[in-house]
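Since the structure comes first, as structure tokens, the remarks are kept for the end.
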Amino acid sequence: MKPPPFEYCAPRSLKDAVELLAADPSAMVLAGGQSLIPALNMRFAAPSRLIDIQHVEGLKGVVIEGGNIIVRAMTRHRELELNDEVFRANPLIRETMAHVAHVPIRNRGTVVGSLCHADAAAEMPSILLVTDGSVVTESPRGRREIPAADFFQFHMTTSREPDEIVVEAHFPVLPQGAGWAFEEFTRRHGDYAIAAVAAIVTRAGATDVVSLSACGVASRPIRLTVCEQIFAAQGFTDASFKAAGEAAKEYVTAPDDIHATNDYRRDLLASLVVRAVEKALTRSR
Amino acid sequence: MSTKMFGARIKRNIDPQLLIGEGSFVDDIPLAGALHVAFVRSPFARAKIKSISTEFAEQHPGVAAVYTCDNIGALDLELPQLIPHPCMDSPRTQRPLARGDVYYVGQTVAMVVAVDRYTAEDAAALVDVDYDPLPVEIDLEKAILDGAPLVHPTHPNNIAADLVQISGDPDSAIAGAEHVTKIRVQVDRSTAAPMECRAVAATFDKVMGELTVWDSTQGPIAIRGGLASIFNIDEDKVRVIAPHVGGGFGQKVLLFYPDELLVPFAAMQLGRPVKFIEDRRENFIGSSQERTQIHEIELYAKKNGEVIALVDRFLHDTGAFIPYGIAVAQVASTSIAGPYRIPNIRVEFKAVYTPTVVVTPYRGCGRPQANFAIERAMDKLAEELGLDRFEVRRRNLIADHEFPYLRKGLLFADGLPVSLDSGQYHKALQLLTEKLAPEEFAVQQKAARGAGRYLGLGLSFYVEGTGLGPYEGGHIKIHPITGKVYVNTGLTSQGQGHDTVFAQIVADQLGVAVTDVILVEGDTKAFDWGVATFASRAAVVSGNAIHKSALIVRKKTLAAAANMLEVSADDLELRDGAAWVKGSNRSVSLAAIATATNPLRYAFNESAKAATQFAPASKHDGPPLAEGQHPGLEATDYYSPPSATWAYGVHGAIVEVDPEICAIKIKRYVCIHDCGNMINPTIVEGQVMGGIAQGIGGAMYERIEYDTEGNLINANFVDFLVPYATEIPPIEILHLETPTPLNPLGVKGVGEAGCIPVAAVIASAVEDALRPLTHEHFYHVPITPSAIHAALKKAAPAN
């Protein structure tokens, strides 16, 4: 459990970081290191160069601007979790963050790092997805914004190009009066989700809009569009909850694994959808 | 000290040092210029080795040596079979480095020694081993079928051992039974997962011919004996030190792991210190594990629930080798009747080779499996006879007046017949009944069900044979300068708090503060007679040895003080670090007595003047040290138990199961526990709670997962689920103290107790909770959410 040799770079400017990455196709970016360092130690990852971005100017902190919570690349989970302005702007984030690993890991691990790692069972990608957020990348070709729906491709695979550094994540502020919930089941506290559902219920005129995402059940975080449509069409009735639960099961593509059978995950996801929407509904105004 | 220390809730002496990070573990031992080891391990569960090429690894910069079976001299041998037993036919053990064949994923094939571990791992990747994989069968029940792939061609049907034990006359009893309950239960494989993985460092002093080995082991004296034997050097030229050890739980009592021989060998060969610090993945794939057993148990009973005979047949997975013999299976088979009278027993096991890392005792050592079998069967018997689960147990528990209760024909792990020595089994069950109030609970349970919530109550009663021989010793010496008391014993501590409980024993006899008693253990230069720390034996065996030594030193101290104070020894008392004339303010300190009892040539301090040849105190006839007299205040004595002493307890829990998401929440957990006289109730509770946490792991979380090819697919803490503190509920502990008549202190062991009954408690409670939803039984642990889900999907009751 010691990494193979690699070149370590600690650039001070984003320009340098971008150049270092572009110059070496097998380089990797190191932020909080909570996934990459274990992967290096297990020799699952063997980059020729590690670009440590912790000293890069302008990558720290959180700002709320233009309806978005802008989370810069070196922002630790814990900073976002404890930020009261963030909590007021989007309480779903703090509620979810309690499920992201453990405090010592959240103290070092970064939100953007978790998004880039894109574990299919990780919580924060699912939040970016349910809020219709996005990430912003920087490369020799300039800046681009990638919507969450396009960013997460597969388990541990995103649409980030090899020469791109994700410098920001944008989590939209929740609309006034929106209700929210994050319901997760794990074997142990802090583990990756066996299944989890994020729900937002937004008042839009006379109707309610339900946004739902799930993680842990497919090869990437997914929007439960059919469930959303059922609530949009039928409102909140016993029948619509039942129908949405049934519809949710069809999204489960994860095969049997050592923590859960596919059959169990299907029923679990159905229950979590019902619980999450019920809770979000009671919180909406 | 006028207050009795034995039985007091004293904080552990060792904790401040460990808690602020000043412990010294093997990896903390400073060894200048040490070389570091990495192993090449088999990626196949079973394969022939066609060739090994080490050329590139040897040429890698920073590599000092690469070893295979061809260049390790006398170490190219089958490792010792530690505990012989006639039921094993040519028992197989591992070679330090594989020769010709590999038998499990993780088996050591080559060893690289380099300037640091990074380089060693880089070079290990350059060792080219050409394997010819062979078919494997991982499933225990399939492994014994005709035609199953064999781990060892020498052992048909993969049977490593087969033993039948009989107590009473089961055949006749069965013929007279009115009811029979049969169930099949399975406990899956787990691992100890000590916080500190295993570690070995060694240095060889060529001038003195002395080998020093630091080993994160539970048995340094045994390691020393083995090293001396295999290297053919005098035991006194080998020093083995187990410094602070970060947990062992049985995994570190097995010897030898390959590294324990190869690291000292490399240190001798290369003339430099060599270190091997096992990493977590290696601990998962290369260090021993335990638990998989499949029991088919039958209870033959009268209609009133009285069990008159028990028949149990079980398969025991021993892994690819059987270095520790049948210990685990034997403990399981002899614990099978638990606390119940059951006078007629037939128990048979087959130990089965599987192409997996070896199975040796892990905290509990077969008892959790036996407990799961008998206790789940008692629940089933109650269900079938329409009896209450508490009541069916009450009707079978051994009564207080029936002790000692002998199970003739069942030989325990010490080779002696099972004899339950003392206890208050009925009182323990009564206490649990009072705590959990099952009748009131039934009302709550009914009300909760009405509200769509599913509560369940479970219980399990266990016994634990503890304090195995053969013996341990203790050396006690009062130091003449400080008056502090040094206690040396042959054990090691992995965090149990020996330093505190042994100090309490000594403090009472010598009248000193607990903090003035210094325990020295884990070093063969400090004390080199004894066995090891395992089998819940330290307090029983070393505790009594130290107690006996303390009595001798007390007697010597009183005699010397009586001489110095010119009174009769009967008029003296030992307290506050001195001998006092009762009812007066005349005293002499232990330091002064220790000095005075050592006739001196040189007066190096004030009190030493009194012990020199011209001092008035030394004026007497004859030589300064009379014939038969020894200098100083010290003694060594030993304790060898006549047989195991049996602790016991009963646990109960109330759980809530959420049938939608298949989650279990433990709402209450109650433990009634009796380990005889308690030396330190706080330490007892720590042991019990830790054991229960480990038991909860086995009941709900921990399962070593091999795929069909024999790859361990959860060799990490993300996927092998050791419960966190967040998964462990508050635990209520009530003590009973029934002394054992077998040893002077009246103590029984406690190290393993907590983990034994937990699986049966949880299974019993979950079953009770889900009774309105399913008639399925929970006969397989760990109970996973998927298992609950599957049970709920099967046959929901019609009603």
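Only the coordinates and a few stated rules stand behind these numbers; no lab work does. In this text the structure is predicted, and so the values were computed from the model without any measurement. Note that we place each Cβ from the backbone using ideal geometry, even for glycine, and neighbour counts take in every protein chain shown.
What to note about this one:
- Every helix of 4 or more DSSP H residues in chain B counts as -39500 (n - 2.57), and over all residues that averages to -7500 deg cm²/dmol at 222 nm.
- Computed from label points 7 Å out along Cα-Cβ, the spacing between B:SER229 and B:ALA610 is 5.0 nm.
- Volume per residue of the C-alpha convex hull in the range B:82-214, rounded to whole Å³: 248 Å³
- Cα centroid separation, the range B:655-681 to the range B:298-349: 25 Å.
- Euclidean distance between Cα centres, the range B:579-652 to the range A:107-148, Å: 73 Å
- Of all DSSP beta bridges confined to the range B:441-576, the antiparallel ones make up roughly 55%.
- Where both bridge residues fall in the protein assembly as shown, DSSP classifies roughly 80% of the beta bridges as antiparallel.
- With the cut-off at under 18 Å, measuring from each backbone N in the range B:410-452 to a point 7 Å along the Cα-to-Cβ line of B:ASP169 picks out B:410.
- Of A:ILE51, A:ILE165, A:ILE258, the one that fluctuates the most in a GNM where chain A has Cα springs shorter than 10 Å: A:ILE258
- When its C-alpha radius of gyration is set against 2.2 N^0.38 Å (N residues), the range A:179-283 gives a value of 1.02.
- Choice from A:ALA206, A:ALA101, A:ALA178 with maximal GNM fluctuation in chain A (Cα, 10 Å cutoff): A:ALA206
- Debye intensity ratio in log₁₀ form over the Cα atoms of the range A:7-52, taken at each q of 0.14, 0.20 Å⁻¹: -0.31, -0.60
- Å³ per residue enclosed by the Cα convex hull of the range A:62-172: 90 Å³
- Calculated FRET efficiency for the pair B:LEU734/A:ILE64, C-beta based, R₀ 51 Å, to 0.05: 0.40
- The length gained on full extension between B:ALA626 and B:GLU78, counted as 0.36 nm times the residue separation minus their Cα-Cα distance, comes to 192.0 nm.
- Projecting label points 7 angstrom from Cα along Cα→Cβ for B:ARG575 and A:ASP52 puts them 6.2 nm apart.
- Stretching the chain fully between A:GLU246 and A:ASP132 yields a gain of 38.6 nm (0.36 nm per residue, less the alpha carbon separation).
- For the range A:137-152, Karplus couplings with θ = phi - 60° (6.51, -1.76, 1.60), whole Hz, Gly/Pro x: 10, 10, 8, x, 8, x, 9, 8, 10, 10, x, 3, 4, 9, 6, 7
- Cross-link partners for A:LYS2 among the lysines, with Cα-Cα distance under 19 Å and sequence neighbours closer than 8 places in the same chain left out: B:LYS275.
- Local electrostatic count, A:VAL201, Cβ distance below 12 Å [Lys/Arg +1, Asp/Glu -1]: +1
- Protection proxy ranking, peptides A:26-32, B:480-486, B:100-106, average beta carbon neighbours within 10 Å, highest first: B:100-106, A:26-32, B:480-486
- Other residues lying with their Cβ under 14 Å from the Cβ of B:ILE72 contribute a combined charge of -3, Lys and Arg counting +1, Asp and Glu -1.
- Distance between the range B:29-52 and the range A:196-240 - C-alpha centres, whole angstrom: 53 Å
- Share of alpha-carbon pairs per 20 Å distance bin for the protein assembly as shown, given as whole %: 11, 36, 36, 15, 2, 0
- 13 Å beta-carbon shell around A:HIS55, net charge (K/R +1, D/E -1): -1
- With both labels modelled 7 Å from their Cα along Cα-to-Cβ, the B:ASP116 to B:GLU439 distance reads 7.1 nm.
- Listed by chain and number, the lysines whose alpha-carbon sits under 18 Å from that of A:LYS60, ignoring those within fewer than 8 places in the same chain, are A:LYS15.
- Full-stretch length increase - B:LYS555, B:ASP388 - with 0.36 nm per residue and alpha-carbon distance subtracted: 54.6 nm
- Cα-based reach from B:LYS609 at 19 Å (exclusive), listing lysines while leaving out same-chain residues under 8 positions away: B:LYS619
- The alpha carbons of chain A occupy a box of 59, 43, 33 Å along the principal axes, longest dimension given first.
- 4 °C / 1.567 mPa s Stokes-Einstein diffusion coefficient of the range B:587-700, Kirkwood radius on C-alpha pairs, µm²/s: 63 µm²/s
- Bins of 10 Å, starting at 0 and running to the largest distance - Cα pair percent for chain B: 3, 13, 21, 23, 19, 12, 7, 2, 0, 0
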